[in-house]
Amino acid sequence: MSERPDHYFSADPASPEERQQIRVRLDGRDLTLTTARGVYSPGRLDPGTAVLLSGAPDPSPTGHLLDLGCGWGPIAITLALRSPGAQVWGVDVNRRALQLAAHNADVAGVSNVTFCEPDEVPADVRFETIWSNPPIHVGKAALHALLQRWLPRLADDGVAHLVVQKHLGSDSLQKWINAQDWGLACTRVSSSKAFRILEVRRT
């Protein structure tokens, strides 16, 4: 029998954890953080995430901020560092990633971030900022369902920024978001290293 498929979007990865430490620079700070097998980009800061962190406008200084698909935590930790007066939510279905992210937040010295599974975020929370390197490889239907769940939870003046590789469908994703009846508009704000940053805000 073959092994059960093991993906970064699995709730409980089957692979041995095999933790490792990597050096990353987040919000001007050099940090040694912990990653592991079975989570997204365990060996380095993903290039798309790096583009988002360097290219997205500053997050809201207050309110609720969301890192959708947080992995081992670099986006959520950056949000928490840049907006110490805000409440940051790092959401993922991968429980191994959530454990690593919470550990890494402690290492980074941020306490204004909560890492949790999607259903643990209170239903009445609306987000002033959403940042995401969305899980494109989960498949189009699952990706669309994910965005349909979270993007409409933007606050009235909230803004989302998504980073997507051009060859993995950034343009088609932009068109799809604009075709939805959510009262949201999606525009491209920048391109860098084959990645595009999409901005979503209320019309």
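Could you please give the count of residues in region 25-37 that are in contact with a Pro (Cβ under 7 Å, 6 or more places away or on another chain) and either surrounded by 21 or more Cβ atoms within 10 Å (Cβ to Cβ) or under 22 Å from residue 193 (Cβ atoms) (or both)? Show your work before the answer.
Initially, region 25-37 is screened for residues in contact with a Pro (Cβ under 7 Å, 6 or more places away or on another chain), giving 26, 35-37.
From what's left, either surrounded by 21 or more Cβ atoms within 10 Å (Cβ to Cβ) or under 22 Å from residue 193 (Cβ atoms) (or both): 26, 35.
Residues in region 25-37 being in contact with a Pro (Cβ under 7 Å, 6 or more places away or on another chain) and either surrounded by 21 or more Cβ atoms within 10 Å (Cβ to Cβ) or under 22 Å from residue 193 (Cβ atoms) (or both): 2 in total.
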Checking residue 40 against (1) under 15 Å from the mean Cα position of the chain (by Cα); (2) at pLDDT 95 or above: exactly one of these is not met. Which one? (2)
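Identify, from the list 88, 93, the residue that is within 16 Å of the chain's Cα centre (by Cα), part of a strand (DSSP E or B) and in contact (Cβ under 8 Å) with a residue 24 or more places away in the chain. Don't jump to the end; show me each part of the working.
Working: 93 fails: part of a strand (DSSP E or B).
So the residue among 88, 93 that is within 16 Å of the chain's Cα centre (by Cα), part of a strand (DSSP E or B) and in contact (Cβ under 8 Å) with a residue 24 or more places away in the chain is 88.
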Taking residue 149 as the residue in question, decide whether it is among the charged types (D, E, K, R), free of Cβ contacts under 8 Å to residues at least 40 places away in the same chain and assigned to a strand (DSSP E or B). no
Could you tell me which of the residues 197, 177 is closer than 23 Å to residue 60 by Cβ, hydrophobic (A, V, I, L, M, F, W, C) and assigned to a strand (DSSP E or B)? 197
Given (1) surrounded by 22 or more Cβ atoms within 10 Å (Cβ to Cβ); (2) within 22 Å of residue 24 (Cβ to Cβ), number of the condition residue 127 does not satisfy: (2)
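Just the residues that are surrounded by 12 or more Cβ atoms within 10 Å (Cβ to Cβ), more than 18 Å from the chain's Cα centre (by Cα) and either closer than 24 Å to residue 53 by Cβ or hydroxyl-bearing (Ser, Thr, Tyr) (or both), please, taken from region 167-187.
Within region 167-187, 171, 184, 185, 187 qualify.
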Sort out which residues of region 52-101 are buried (at least 24 other Cβ atoms within 10 Å of the Cβ), closer than 22 Å to residue 156 by Cα and among the acidic types (Asp, Glu), and write them in order of number. 67
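The values are calculated or read from the model by the stated rules, or taken from the named source; none is laboratory data. Keep in mind that this is a model prediction, so the values were computed, not measured. With ideal geometry, Cβ positions are generated from the backbone for all residues, glycine too; neighbour counts draw on all protein chains shown.
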